[in-house]
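The structure appears right after this line, and notes come after that.
The values are calculated or read from the model by the stated rules, or taken from the named source; none is laboratory data. This one's a predicted model, so the numbers in the text were calculated from it and none came from an experiment. A quick note on method: Cβ atoms are made from the backbone with ideal geometry, for glycine too, and the neighbour counts reach across all protein chains shown. Note: accessible area is taken over every heavy atom of the protein model, side chains too, but ligands, DNA and RNA are not part of it. Shrake-Rupley method; radii C 1.70, N 1.55, O 1.52, S 1.80 Å.
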Amino acid sequence: MTATSELDDTFHVFDTTLRDGAQREGINLTVADKLAIARHLDDFGVGFIEGGWPGANPRDTEFFARAQQEIHFRHAQLVAFGATRRAGGKASEDPQVNALLASGAPVITLVAKSHDRHVELALRTTLDENLEMVRDTVSYLRSQGRRVFVDCEHFFDGYRANPEYAKAVVRAASEAGADVVVLCDTNGGMLPAQVQAVVATVLADTGARLGIHAQDDTGCAVANTLAAVDAGATHVQCTANGYGERVGNSNLFPVVAALELKYGKKVLPEGALREMTRISHAIAEVVNLTPSTHQPYVGVSAFAHKAGLHASAIKVDPDLYQHIDPEQVGNTMRMLVSDMAGRASIELKGKELGIDLGGDRELVGRVVERVKERELRGYTYEAADASFELLLRAEAEGKALTYFEVESWRAIVEDRPDGSHANEATVKLFAKGERIVATAEGNGPVNALDRALRVALEKIYPQLAKLDLVDYKVRILEGKHGTQSTTRVLISTSDGEGEWSTVGVAENVIAASWQALEDAYTYGLLRAGVEPAA
Ligand SMILES: CC(=O)SCCNC(=O)CCNC(=O)[C@H](O)C(C)(C)COP(=O)(O)OP(=O)(O)OC[C@H]1O[C@@H](n2cnc3c(N)ncnc32)[C@H](O)[C@@H]1OP(=O)(O)O
Ligand SMILES: CC(=O)C(=O)O
C-alpha cells in the first residue's frame with residue numbers, strides 16, 4: 001500500500017503525469033512505463049501521484065493493481081481519477097464511481113463541472129442536479145474511507161460566466177467532505193493576474209481549501225500556478241516536463257524549484273531537488289521524447305553561457321549571470337564557444353575541459369581569433385566540444401595532436417544499370433611509422449570512408465574498436481558573395497562511457513564528413529589516454 005508522506009500536509013505537490021500528462025499527443029504509456037514513472041516521481045518526493053482513470057481502460061485498471069503490489073511508495077500517495085456520478089443516479093450504484101473504489105487508491109480525484117454552460121450542454125442536466133452529483137459522489141467516497149479532491153473543470157471560464165454557480169460547486173464539494181477543491185483552467189486561457197484575483201476571491205468567499213490545475217495554452221501555466229499560490233492555494237497539480245493535453249500542463253519542475261528556492265517552502269524531501277535534472281531526463285526517456293534542451297532549470301542549455309560579456313562576469317562570480325547555482329537542481333554550468341566568445345569564454349571553457357591556459361592572454365586571444373575565423377567559414381564549436389578541444393590543444397601546444405598522417409582518401413559511388421549501387425572507400429595513411437592502405441565498403445560513401453579509416457587505424461590502435469558513430473547531421477550553409485554553398489557535418493561518437501561531437505566544413509559533404517571523422521578518431525584516442533606521435 002502507499003506510504004504516508006513524511007512532509008506535512010499543509011502544502012500538496014500533486015503530480016498528474018500518468019493521467020493528464022498521458023493525454024499529450026504522441027505519448028502512449030504501457031503499464032510498465034507508468035510503473036517506471038511512478039517510481040521516479042516517488043523518488044523525487046511528490047506528495048500525490050495521479051495514476052490514471054481506473055475502469056476507463058484496462059491499462060489504468062492494471063496499473064493501480066500492480067502499483068500497489070509492486071511499488072513500496074516512500075513519499076507519495078496513489079490517486080485514482082474519475083468523474084462524479086451520472087445525472088439521475090446514485091453514487092453508490094454508479095459503476096464508474098465503484099471502479100474508483102475498486103482501484104484501492106487511498107485518494108480519489110473527482111472531476112466535476114463548475115461552468116453552468118457545460119452542465120447544461122455537456123452533462124445535459126440541471127444546475128441543481130450537478131450540485132447533487134458532486135455532493136453525493138464526494139459523500140459516498142468519504143463514507144468508504146477515501147480522501148477526496150475535487151477538480152472543478154473549466155472553473156475560471158465558469159466563474160466569468162456565472163461566479164455564484166461556480167462558487168456553489170466549490171461549497172458543495174467542500175461541505176460534502178472534499179479535502180481540496182482544485183480550480184482548473186481547463187482551456188488554459190487565463191493569465192496570472194486573473195488567476196490570482198479569482199483564487200483570492202473564492203478563498204475569501206468559500207473558505208474551502210483550494211488547489212490549482214493550469215493548462216498551458218497561453219504559455220502561462222507555471223506563472224498561473226504560482227499566482228494561485230500567491231493568492232492562497234495550497235495544492236498544485238503539475239506534470240513532469242509539462243506533458244499534457246494539447247500544449248501541456250503546468251510543469252512540475254519549475255513549479256517545485258520556485259516553491260523551494262524562491263518561496264522558501266519545503267515541499268520535497270531533503271536532497272530531492274538536486275535529483276531534479278536526472279529525474280526530468282529519466283521520465284523523458286520513459287515517455288520516449290527527447291528532453292527539451294531549453295527547459296528552465298533542467299534543460300542542458302539552462303545554464304549554458306554563450307556571450308563573451310556574460311563569461312567575463314561569470315569568471316569573477318557565476319551569480320552575476322545565473323539566477324541560482326545549477327547544482328541546486330542537479331544541473332551544471334557550461335561555457336559555449338562560438339563567434340560570440342571572448343577571452344573569458346575560452347579561459348572558462350579551458351578550465352571546464354581541464355586545460356590550464358595559465359592566464360596566457362596572447363594564447364587565449366589567438367584561440368578567440370581562430371574560433372571566430374573558423375566560425376565565419378561555417379564551423380560551429382558550441383555543438384562540437386571535441387573539435388574545439390583539439391583546436392585549443394593545438395594552439396596551446398603549438399602543433400596539432402597527431403596519431404596518424406593521411407596520405408589520401410577516396411570514396412567511390414558506383415551505380416549499376418540494374419538500379420543497385422555500391423559504395424567503396426580507400427584510405428592511405430601513416431601511423432607509428434607504418435604505411436597502411438585500407439579499403440572498405442559501406443551503405444553510403446561516408447559509411448565506407450568511416451569503415452576504411454577504422455580498418456586502417458584499428459591495426460595500430462585497437463582501442464578504437466569500441467568506438468561507435470552514434471549521430472550524423474548535415475547542414476547546407478548558404479553561399480555568400482557569389483561563392484558556392486558549404487556543407488557542415490556534425491558527428492557524435494561514443495566509446496560506451498561518454499559521447500563527443502566533432503565538426504567538419506567543406507564544399508562537399510564527403511570532405512566535410514572526413515574532417516569530422518578525423519577529429520572523432522583523434523579525440524577518441526586522446527580520451528583513451530593514447531600518447532600522440534612525437
Ligand atoms: C479536463 C480533463 O482532462 S478531464 C479527463 C478526461 N479524460 C478522459 O476523458 C480520458 C478517459 N476517458 C474515457 O476513457 C472515456 O471518455 C470514459 C470511459 C470516461 C467515458 O466513455 P463513454 O462512456 O463512452 O462516454 P464519452 O466519453 O463519450 O462521454 C463522457 C460522458 O461522461 C459525462 N461526463 C462528463 N463529465 C462528467 C462529470 N464531471 N460527471 C459526470 N459525468 C460526466 C458526459 O456527459 C458523457 O455522458 P454521456 O455518455 O451521457 O454522453
Ligand atoms: C481536470 C483537468 O484535467 C482539467 O480541468 O484540465
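Values as computed for the structure displayed
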{"read-out": "Matching residues in segment 107-121 - criterion: being closer than 23 Å to GLN194 by Cβ and either surrounded by fewer than 23 Cβ atoms within 10 Å (Cβ to Cβ) or not aliphatic (A, V, I, L, M) (or both)", "value": "VAL111, LYS113, SER114, HIS115, ASP116, ARG117, HIS118"}
{"read-out": "Test: residue in segment 94-101 that is crowded, with 19+ Cβ neighbours inside 10 Å and within 16 Å of ligand 2 (Cβ to nearest atom)", "value": "yes"}
{"read-out": "Residue list for segment 160-189, filter: more than 35 Å from the chain's Cα centre (by Cα), within 16 Å of ligand 1 (Cβ to nearest atom), closer than 20 Å to ALA200 by Cβ and not β-branched (Val, Ile, Thr)", "value": "TYR165, ALA166, ALA168, ALA173"}
{"read-out": "Matching residues, segment 177-221, being on the phi > 0 side of the Ramachandran plot and open to solvent by less than 10 Å² (accessible area, probe 1.4 Å)", "value": "GLY188"}
{"read-out": "Residue that is nearest to the chain's Cα centre (by Cα), among those in segment 22-35 that are within 23 Å of PRO254 (Cβ to Cβ) and outside any loop (DSSP other than H, G, I, E, B)", "value": "ALA22"}
{"read-out": "Count of segment 128-166 residues which are open to solvent by 10 Å² or more (accessible area, probe 1.4 Å) and either without any contact (Cβ under 8 Å) to a residue 24 or more places away in the chain or not polar (S, T, N, Q) (or both)", "value": "21"}
{"read-out": "Residue identified as hydrophobic (A, V, I, L, M, F, W, C), buried (at least 18 other Cβ atoms within 10 Å of the Cβ) and either at pLDDT below 95 or under 35 Å from the mean Cα position of the chain (by Cα) (or both) among LEU467, LEU429, LEU453", "value": "LEU467"}
{"read-out": "Residue list for segment 42-63, restricted to those being within 14 Å of ligand 1 (Cβ to nearest atom) and over 28 Å from GLN328 (Cα atoms)", "value": "GLY51, GLY52, TRP53, PRO54, GLY55, ALA56, ASN57, PRO58, ARG59, ASP60, THR61, PHE63"}
{"read-out": "Restricting segment 122-155 to residues that are within 16 Å of ligand 2 (Cβ to nearest atom) and assigned to a helix (DSSP H, G or I), the residue that is nearest to ILE212 (Cα to Cα)", "value": "PHE155"}
{"read-out": "Residues being more than 18 Å from ASP15 (Cα to Cα), within 15 Å of ligand 2 (Cβ to nearest atom) and aliphatic (A, V, I, L, M) - total across segment 182-198", "value": "3"}
{"read-out": "Positions within segment 202-215 being part of a helix (DSSP H, G or I) and in contact (Cβ under 8 Å) with a residue 12 or more places away in the chain, in sequence order", "value": "VAL202, LEU203, ASP205, THR206"}
{"read-out": "Positions within segment 421-451 being among the hydrophobic types (A, V, I, L, M, F, W, C), out of contact with any Gly (no Cβ under 8 Å at 6 or more places or on another chain) and closer than 14 Å to ILE510 by Cβ, in sequence order", "value": "VAL427, VAL446"}
{"read-out": "Residue in segment 22-37 that is closer than 22 Å to VAL180 by Cα, at pLDDT 95 or above and not acidic (Asp, Glu) present", "value": "no"}
{"read-out": "Hits in segment 5-41 - residues which are within 14 Å of ligand 1 (Cβ to nearest atom), open to solvent by 10 Å² or more (accessible area, probe 1.4 Å) and out of contact with any helix residue (DSSP H, G or I) (no Cβ under 9 Å at 6 or more places or on another chain)", "value": "GLN23, GLU25"}
{"read-out": "Matching option when the condition is among the hydrophobic types (A, V, I, L, M, F, W, C), away from ligand 2 (no atom under 16 Å from the Cβ) and either under 30 Å from GLY271 (Cβ atoms) or surrounded by fewer than 20 Cβ atoms within 10 Å (Cβ to Cβ) (or both), among ALA80, ALA67", "value": "ALA67"}
{"read-out": "Which listed residue is assigned to a helix (DSSP H, G or I), free of Cβ contacts under 8 Å to residues at least 60 places away in the same chain and touching a Ser or Thr at 6+ places or on another chain (Cβ under 7 Å), from GLU375, GLU362", "value": "GLU375"}
{"read-out": "Residue list for segment 222-246, restricted to those being open to solvent by 20 Å² or more (accessible area, probe 1.4 Å), part of a loop (DSSP other than H, G, I, E, B), away from ligand 2 (no atom under 12 Å from the Cβ) and not small (Gly, Ala, Ser)", "value": "THR234"}
